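Here is the structure we will look at, set down as structure tokens.
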Amino acid sequence: MANWSPGRLLLLMESLVSKDLKVRYKRSVLGFAWFLLKPLFSMIVYYFAFTRILRFGGAIPHFSLFLLTGLLPWNFFSSSLSASTGSLLDNHRLIRSIYFPRMALPVAEVVANLIHLLLALLVLESVLMIFGHYPGFSIVLAIPALVLFTLMTAGIGMLLSVGNVFYRDVKQFVEVLLLAWFYSSPIIYPLDSIGVDIIGSGGLLTALKFNPVAGFMEIMHSVFYAGTWPPAWCWISLCSWSLLFLLAGVAAFRKAEPVVVKEL
């Protein structure tokens with residue numbers, strides 16, 4: 001790692017991300033559109049489920065847009081973790097053939113999905129404005145929030161990629177974990193007065209705020225959907241979890257890297 005200058009690392013990341021995007025959409029007719037279409041289809045399902053069946057979505061104006069504002073970053077998060085988990089095993093031949101900072105592999109998966117998210121958010125903002133959800137000055141907070149959330153996702157991705165080398169069950173566990181994580185995150189419901197009505201317990205609402213992604217989701221709903229300033233607890237949560245997972249991911253990866261190479 002010491003012999004790799006920042007310029008060489010940047011070129012490596014560019015090459016890995018470009019490779020990932022090309023492989024992902026090889027022989028795909030719709031290409032990038034799938035990153036937007038998958039949460040769009042999910043939005044339609046959740047919209048009818050929570051406005052026509054459970055009916056709590058009716059308390060939120062333009063509930064479908066509220067859903068999409070949360071589903072897009074969640075799609076980034078879940079796709080990044082799923083791809084990062086198998087990144088070392090999927091590139092075992094490359095790891096064996098040449099030396100390079102292997103940490104770049106799970107990080108490249110996150111960066112590739114981040115590019116999709118940024119493009120999707122531009123489309124989302126256009127749709128929100130059509131329906132009267134104009135951005136306020138708080139929109140500038142989207143950039144630091146995305147940076148912090150990306151760092152947290154990269155840290156978790158590094159932890160999972162290492163764990164998956166030693167225990168192949170990790171990849172299966174991640175799929176189950178993401179399902180439970182989704183419903184315990186403020187994606188289909190807000191953590192405010194409406195959230196209390198939906199969840200039915202102020203104590204449970206407080207507990208849900210300790211969810212590592214809760215702060216970021218609330219920031220996204222605030223700056224994109226509501227055009228308001230996010231509560232302070234969102235930033236405290238996001239900064240704390242991002243720092244914790246990033247440091248843990250880097251430390252675990254560096255310690256395990258020599259053993260990982262032998263295992264592969």
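Of all the residues that make up the stretch 216-251, how many are assigned to a loop (DSSP other than H, G, I, E, B) and either of a type in the set (A, V, I, L, M) or surrounded by 14 or more Cβ atoms within 10 Å (Cβ to Cβ) (or both)?
Residues flagged as assigned to a loop (DSSP other than H, G, I, E, B) and either of a type in the set (A, V, I, L, M) or surrounded by 14 or more Cβ atoms within 10 Å (Cβ to Cβ) (or both) within the stretch 216-251 amount to 4.
For every residue, the table says whether it meets (1) surrounded by fewer than 20 Cβ atoms within 10 Å (Cβ to Cβ); (2) at pLDDT 85 or above; (3) under 30 Å from His92 (Cα atoms).
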position	(1), (2), (3)
Leu141	yes, yes, no
Val147	yes, yes, yes
Leu160	no, yes, yes
Asn164	no, yes, yes
Asp169	yes, yes, yes
Leu178	yes, yes, yes
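Would you pick out the residues in the stretch 224-258 that are of a type in the set (Val, Ile, Thr) and more than 30 Å from Phe131 (Cβ to Cβ)?
Ile236, Val250
Please determine, by comparing only the residues of the stretch 180-199 that are among the small types (Gly, Ala, Ser) and assigned to a loop (DSSP other than H, G, I, E, B), which one is modelled with the lowest pLDDT.
Ser184
Out of the stretch 87-103, which residues are within 30 Å of Phe41 (Cα to Cα) and crowded, with 20+ Cβ neighbours inside 10 Å?
If the condition is that a residue be within 30 Å of Phe41 (Cα to Cα) and crowded, with 20+ Cβ neighbours inside 10 Å, then Ser87 is the only one that fits.
Consider only pairs whose beta carbons are under 6 Å apart and that are at least six residues apart or on different chains; among these, list those whose first residue lies in the stretch 152-171 and is in a helix (DSSP H, G or I) and whose second residue is surrounded by fewer than 18 Cβ atoms within 10 Å (Cβ to Cβ).
Filtered contacts from the stretch 152-171: Leu159/Ala252; Val162/Ala252; Asn164/Lys171; Val165/Glu263.
Counting just the residues of the stretch 76-101 that are touching a Ser or Thr at 6+ places or on another chain (Cβ under 8 Å) and under 24 Å from Val147 (Cβ atoms), which one comes out modelled with the lowest pLDDT?
Here the answer is Ser87.
Return yes or no: is Phe63 modelled with pLDDT under 90, touching a Ser or Thr at 6+ places or on another chain (Cβ under 8 Å) and within 20 Å of Pro39 (Cα to Cα)?
yes
Condition (residue is out of contact with any Asp or Glu (no Cβ under 8 Å at 6 or more places or on another chain), closer than 25 Å to Gly227 by Cβ and in a helix (DSSP H, G or I)) applied to the stretch 107-114: is it met by at least one residue?
Yes: the stretch 107-114 contains one or more residues that are out of contact with any Asp or Glu (no Cβ under 8 Å at 6 or more places or on another chain), closer than 25 Å to Gly227 by Cβ and in a helix (DSSP H, G or I).
Confirm whether Ser15 is polar (S, T, N, Q), under 30 Å from Phe253 (Cβ atoms), modelled with pLDDT of 75 or more and crowded, with 20+ Cβ neighbours inside 10 Å.
no
Please work out which residue is nearest to Ile156 (Cα to Cα), limiting yourself to the stretch 213-233 and to residues that are over 16 Å from the mean Cα position of the chain (by Cα) and hydrophobic (A, V, I, L, M, F, W, C).
Trp233
Could you check Leu128 against (1) at pLDDT 90 or above; (2) closer than 20 Å to Trp74 by Cβ; (3) surrounded by 18 or more Cβ atoms within 10 Å (Cβ to Cβ) and say which number it fails?
(1)
The values are calculated or read from the model by the stated rules, or taken from the named source; none is laboratory data. Quick caveat, the model's predicted, so the values are computed rather than measured. Glycine gets a Cβ as well: all are built from the backbone with ideal geometry, and neighbour counts include every protein chain shown.
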